[in-house]
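Worksheet: one structure, shown below.
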Amino acid sequence: MARSNDEVAALLREYADLISITGKDAFKARVYEKAARAIGGYHADVSTLDTKGLQQIPGVGKSIAEKVTEYFRTGGVAAVDELRARIPAGVRQLTAIPTLGPKKALALYEEQGIASVDELVEAIRAEKLHGLKGFGPRTQENILHGVELLKSSGDRVLLDVAMDLADDITGALSRVTGCDRCTYAGSLRRMRETIGDIDVLVAAAEPGPLMQAFTELPYVTEVIAHGMAKTSVRTAKGLAVDLRVVPPDSWGAALQYFTGSKAHNIRTRELAVHQGLKLSEYGLFDVESGEKVVSATEEEIYARLGLPWIPPTLREDRGEIEAGLRGELPELVVESDLRGDLHTHTDLTDGLASLEEMVRAAAGRGYAYYAVTDHGPDLSMQRMTKERILAQRERVRELDGTYGQGRGMQLLHGVELNIGPDGGVDWPGEFLAAFDVCVASVHSHFNQSRQALTRRIVRACENPYVHVIGHPTTRILGRRPPVDVDLDEIFAACARTGTALEINAHPARLDLRDEDIVRARRHGVRFAVDSDAHSVPDLANMRYGIGTAQRGWLTEDDVINTWPQTRLRRFLRKGRKTTAATG
Ligand code: DGT
Ligand code: CA
Ligand code: CA
Ligand code: ZN
């Protein structure tokens with residue numbers, strides 16, 4: 001269904017980028033960006049709408065609607081093709097170099113025919129830019145440095161890498177005398193799946209000592225900019241960190257501003273303007289009198305704009321403003337709602353810790369139940385057999401209830417099955433029936449046709465003994481793309497068969513991802529937020545899974561491992577007729 005929405009969104013986004021490279025009309029670029037987001041998140045398939053219907057989508061005017069219908073009629077959009085022809089892909093790549101804006105990139109192309117990062121480096125080395133206006137020796141040096149950074153830092157880092165560093169930095173700065181408050185903002189606070197740079201915010205009357213302490217942190221390798229309002233550094237891992245110090249009285253305004261996203265902030269600023277107010281990182285001001293209205297807390301700022309406080313994980317301009325204005329923001333699932341983990345491993349297969357170690361650590365997290373789900377035999381390097389997993393079951397039954405408070409943590413004995421190329425799994429139904437929980441995942445044959453892959457996962461859902469589809473798209477961030485499947489067909493199959501989709505909390509997976517969660521939920525799918533822990537520290541990855549679930553707008557009710565055990569057990573029966581069949 002929403003495939004065509006994604007296609008159109010990508011096309012409009014590309015058009016916005018192209019417009020901004022020509023440097024002509026920044027406003028127009030922003031209009032297209034906004035329309036791209038609105039169409040990407042729209043509930044109906046845009047290929048079925050006429051220009052009138054399309055204009056019902058927020059941010060889509062007549063001209064954009066006509067481009068969309070043109071796209072479905074002819075397979076292309078003339079205006080986009082025209083800009084594409086003028087600006088090669090390599091030039092778009094140039095704009096990714098820090099310090100090189102769209103204007104300069106275009107000048108390099110038009111005046112020197114330079115159309116890639118490598119050609120640019122080559123031209124500078126061969127002194128071909130000599131005398132070119134706007135490209136003095138200093139600028140050329142900056143460009144070379146920028147290219148180096150671009151190549152070395154490989155763009156964005158995983159959520160846990162940034163989170164660990166941010167926890168460390170905020171911990172250190174909180175101990176500096178004069179630090180009133182300290183936290184991280186930006187994409188990290190919004191729990192995006194990857195992080196460009198870390199934005200740390202401090203409230204203090206005197207910025208000097210904090211800026212000083214910041215630049216002296218042991219892992220800082222380069223100070224990029226040093227000032228009293230903002231200091232930027234680069235750390236050993238290549239990750240950049242911005243520190244901003246604001247007066248305690250501006251805390252709320254600054255936190256709201258630097259949390260972003262940029263798209264969300266554009267909307268909040270618009271709301272302010274409509275009420276004769278101006279919103280900035282310093283506060284919310286009355287335009288006429290210039291007087292400050294509020295600035296101390298985020299709650300006050302949102303309230304004055306007519307909104308409830310919006311959780312950072314929703315601040316992407318994906319409908320949260322509209323929902324807030326209507327008073328219909330979801331009550332998001334939080335980490336303390338979790339009662340258990342339904343996908344974990346031990347050293348019986350590829351885990352690092354023993355069953356006892358994992359169970360003890362899980363009990364320490366306060367869980368009411370905990371599932372052990374080692375790999376089935378079809379993942380052949382794991383050497384699993386029926387005998388070995390039955391022996392594990394006995395040890396699980398012995399340990400059941402020995403750890404944890406009160407009545408003790410209940411253990412579920414499970415397995416992670418492999419979804420084979422034709423959708424079959426490792427063991428037959430009569431053997432699977434005796435497991436408390438079965439996760440089934442794709443671990444091989446990633447390159448089958450879209451149709452075959454879709455059919456394969458749908459068949460796994462139709463298996464009455466499969467409760468959860470593990471890491472549904474199999475992506476690994478920065479290493480392996482998601483499998484090409486018809487997600488809507490899979491979502492429909494999950495809803496129909498009562499199969500949950502996993503939100504795998506491992507920071508390199510975060511699979512299902514946020515936008516697909518939103519879509520799956522519309523189909524009526526339930527979710528399991530699982531650590532897929534292969535070691536004791538992995539159990540704590542749940543925070544990233546919950547962040548992703550929140551970004552997918554999920555509530556406690558949507559997530560089966562927040563449910564009390566009786567309700568969960570009912571779900572795990574999956575429409576099977578009691579235990580008669582299990583013998
Ligand atoms: P990242 O670092 O790429 O993962 O993403 P963010 O969202 O952390 O972006 P960043 O670090 O450039 O800026 C942090 C926040 O500060 C951003 O979410 C919104 C706000 N901000 C920064 N620059 C601008 C700007 O030029 N305009 C607006 N409206 N907001 C900005
Ligand atoms: Ca950032
Ligand atoms: Ca930043
Ligand atoms: Zn696993």
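Suppose we filter the range 243-258 for residues that are away from ligand 2 (no atom under 16 Å from the Cβ), buried (at least 20 other Cβ atoms within 10 Å of the Cβ) and assigned to a helix (DSSP H, G or I); how many remain?
Within the range 243-258, residues that are away from ligand 2 (no atom under 16 Å from the Cβ), buried (at least 20 other Cβ atoms within 10 Å of the Cβ) and assigned to a helix (DSSP H, G or I) number 3.
Do we have PRO137 as modelled with pLDDT under 85 and open to solvent by 30 Å² or more (accessible area, probe 1.4 Å) here?
No; evaluated as a whole, the condition is false for this residue.
Of VAL359, VAL334, which residue is of a type in the set (Val, Ile, Thr), farther than 16 Å from HIS264 by Cβ and surrounded by fewer than 19 Cβ atoms within 10 Å (Cβ to Cβ)?
VAL334
Considering only residues that are closer than 19 Å to LEU352 by Cα and not aliphatic (A, V, I, L, M), look in the range 373-384 and name the one that is surrounded by the most Cβ atoms within 10 Å (Cβ to Cβ).
Within the range 373-384, the match that is surrounded by the most Cβ atoms within 10 Å (Cβ to Cβ) is THR373.
Residues to consider are GLY238, GLY340; find the one that is at pLDDT below 95 and either open to solvent by less than 10 Å² (accessible area, probe 1.4 Å) or touching a helix residue (DSSP H, G or I) at 6+ places or on another chain (Cβ under 6 Å) (or both).
Numbers: GLY340 fails: at pLDDT below 95.
Every option except GLY238 fails the conditions.
Go through the range 495-520 residue by residue and tally those that are touching a residue at least 60 places away in the same chain (Cβ under 8 Å) and outside any helix (DSSP H, G or I).
First, pick out the residues of the range 495-520 that are touching a residue at least 60 places away in the same chain (Cβ under 8 Å): 497-500, 502, 504, 507-508, 510, 513-515, 518-519.
Restricting the remaining residues to those that are outside any helix (DSSP H, G or I) gives 498-500, 502, 504, 507-508, 510, 513.
Residues flagged as touching a residue at least 60 places away in the same chain (Cβ under 8 Å) and outside any helix (DSSP H, G or I) within the range 495-520 amount to 9.
Within the range 259-285, can you find the residues that are closer than 18 Å to ARG189 by Cβ and either within 16 Å of ligand 2 (Cβ to nearest atom) or without any contact (Cβ under 8 Å) to a residue 24 or more places away in the chain (or both)?
Within the range 259-285, THR259, GLY260, SER261, LYS262, ALA263, HIS264, ASN265, GLU281 meet the criteria.
So that you can scan it fast, the table gives a plain yes or no per residue for (1) farther than 24 Å from ARG551 by Cβ; (2) within 16 Å of ligand 1 (Cβ to nearest atom); (3) without any contact (Cβ under 8 Å) to a residue 60 or more places away in the chain:
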{"residue": "LEU159", "(1), (2), (3)": "no, yes, no"}
{"residue": "MET228", "(1), (2), (3)": "yes, no, yes"}
{"residue": "GLY238", "(1), (2), (3)": "yes, yes, no"}
{"residue": "ASP242", "(1), (2), (3)": "no, yes, yes"}
{"residue": "VAL246", "(1), (2), (3)": "yes, yes, yes"}
{"residue": "SER250", "(1), (2), (3)": "yes, yes, yes"}
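Output yes when any residue across the range 394-411 is among the hydrophobic types (A, V, I, L, M, F, W, C), open to solvent by less than 10 Å² (accessible area, probe 1.4 Å), under 18 Å from ASP511 (Cα atoms) and touching a residue at least 24 places away in the same chain (Cβ under 8 Å), and no when none is.
no
Considering each residue of the range 343-371, count those that are in a strand (DSSP E or B) and either in contact with a helix residue (DSSP H, G or I) (Cβ under 8 Å, 6 or more places away or on another chain) or of a type in the set (Asp, Glu) (or both), and give that number.
3
Look at ASP180 and say whether it is within 22 Å of PRO248 (Cβ to Cβ), more than 16 Å from ligand 4 (Cβ to nearest atom) and open to solvent by 30 Å² or more (accessible area, probe 1.4 Å).
yes
Does any residue of the range 258-272 turn out to be at pLDDT 95 or above, basic (Lys, Arg) and within 16 Å of ligand 3 (Cβ to nearest atom)?
Yes, the conditions are met somewhere in the range 258-272.
In the list ASP242, ASP168, which residue meets the criterion of being more than 16 Å from ligand 3 (Cβ to nearest atom) and within 24 Å of the chain's Cα centre (by Cα)?
When all the criteria are applied, what remains is ASP168.
If I ask for residues that are assigned to a helix (DSSP H, G or I) and at pLDDT below 85, which ones from the range 34-71 would you list? Talk me through it step by step, then tell me what you get.
First pass over the range 34-71, keeping only residues assigned to a helix (DSSP H, G or I): 34-40, 46-48, 51-54, 62-71.
Those that are assigned to a helix (DSSP H, G or I) and at pLDDT below 85: LYS34, ARG37, ALA38, GLY40.
Given the criteria modelled with pLDDT of 95 or more and either more than 13 Å from ligand 2 (Cβ to nearest atom) or over 27 Å from HIS145 (Cα atoms) (or both), does LEU188 qualify?
Taking the combined requirement at face value, the residue does not satisfy it.
Would you say VAL200 is in contact with a Cys (Cβ under 8 Å, 6 or more places away or on another chain) and either within 16 Å of ligand 3 (Cβ to nearest atom) or more than 26 Å from PRO311 (Cα to Cα) (or both)?
Considered against the rule, which asks whether it is in contact with a Cys (Cβ under 8 Å, 6 or more places away or on another chain) and either within 16 Å of ligand 3 (Cβ to nearest atom) or more than 26 Å from PRO311 (Cα to Cα) (or both), VAL200 comes out as yes.
Among the residues of the range 194-209, write down those that are open to solvent by less than 50 Å² (accessible area, probe 1.4 Å) and more than 9 Å from ligand 2 (Cβ to nearest atom).
Answer for the range 194-209, where residues must be open to solvent by less than 50 Å² (accessible area, probe 1.4 Å) and more than 9 Å from ligand 2 (Cβ to nearest atom): THR194, VAL200, LEU201, VAL202, ALA203, ALA204, PRO207, GLY208.
So, of the residues in the range 159-177 that are of a type in the set (Gly, Ala, Ser) and within 16 Å of ligand 2 (Cβ to nearest atom), which turns out to be surrounded by the most Cβ atoms within 10 Å (Cβ to Cβ)? Outline the logic, then answer.
Step one: of the range 159-177, the residues of a type in the set (Gly, Ala, Ser) are 162, 166, 171-172, 174.
Those left that are additionally within 16 Å of ligand 2 (Cβ to nearest atom): 162, 166.
Working: ALA162: 25, ALA166: 22.
Out of the qualifying residues, it is ALA162.
Which residue out of GLU322, GLU288 is touching a residue at least 24 places away in the same chain (Cβ under 8 Å), among the acidic types (Asp, Glu) and not in a strand (DSSP E or B)?
On the way: GLU288 fails: touching a residue at least 24 places away in the same chain (Cβ under 8 Å).
Unique residue meeting the criteria: GLU322.
Residues in the range 264-285 that are outside any strand (DSSP E or B) and open to solvent by 20 Å² or more (accessible area, probe 1.4 Å): how many? Outline the logic, then answer.
We begin by selecting, within the range 264-285, every residue outside any strand (DSSP E or B); these are 264-276, 281-282.
After this cut, where a residue has to be open to solvent by 20 Å² or more (accessible area, probe 1.4 Å) as well, the list is 266-267, 269-271, 273-276, 281-282.
Selection size over the range 264-285: 11.
State the number of residues belonging to the range 491-515 that are open to solvent by 10 Å² or more (accessible area, probe 1.4 Å) and at pLDDT 95 or above.
10
Restricting the search to the range 300-319, which residues are open to solvent by 30 Å² or more (accessible area, probe 1.4 Å) and not in a helix (DSSP H, G or I)?
Initially, the range 300-319 is screened for residues open to solvent by 30 Å² or more (accessible area, probe 1.4 Å), giving 300, 303-304, 306, 308-309, 318.
Scanning the range 300-319 gives GLY306, PRO308, TRP309, ARG318.
Working carefully through the options MET211, MET228, find the one that is more than 25 Å from MET542 (Cβ to Cβ), in a loop (DSSP other than H, G, I, E, B), away from ligand 4 (no atom under 16 Å from the Cβ) and more than 27 Å from the chain's Cα centre (by Cα).
Going through MET211, MET228 in turn, the sole match is MET228.
Being more than 19 Å from VAL147 (Cα to Cα), open to solvent by less than 60 Å² (accessible area, probe 1.4 Å) and part of a helix (DSSP H, G or I) is the filter here; which residues of the range 79-97 pass it?
ALA79, VAL80, LEU83
So, HIS130, is that one within 25 Å of GLU515 (Cβ to Cβ) and open to solvent by 30 Å² or more (accessible area, probe 1.4 Å) or not?
no
Here are the criteria: (1) in contact (Cβ under 8 Å) with a residue 60 or more places away in the chain; (2) not in a strand (DSSP E or B). Tell me which single one VAL529 does not satisfy.
Condition (2) is where VAL529 drops out.
Sort out which residues of the range 436-455 are more than 26 Å from the chain's Cα centre (by Cα) and open to solvent by less than 10 Å² (accessible area, probe 1.4 Å), and write them in order of number.
Those that are more than 26 Å from the chain's Cα centre (by Cα) and open to solvent by less than 10 Å² (accessible area, probe 1.4 Å): VAL437, CYS438.
The values are calculated or read from the model by the stated rules, or taken from the named source; none is laboratory data. In this text the structure is predicted, and so the values were computed from the model without any measurement. Ideal geometry is used to build each Cβ from the backbone, glycine not excepted, and the neighbour counts take in all protein chains shown. Surface accessibility is based on the protein's heavy atoms, side chains included, excluding ligands, DNA and RNA. Shrake-Rupley method; radii C 1.70, N 1.55, O 1.52, S 1.80 Å.
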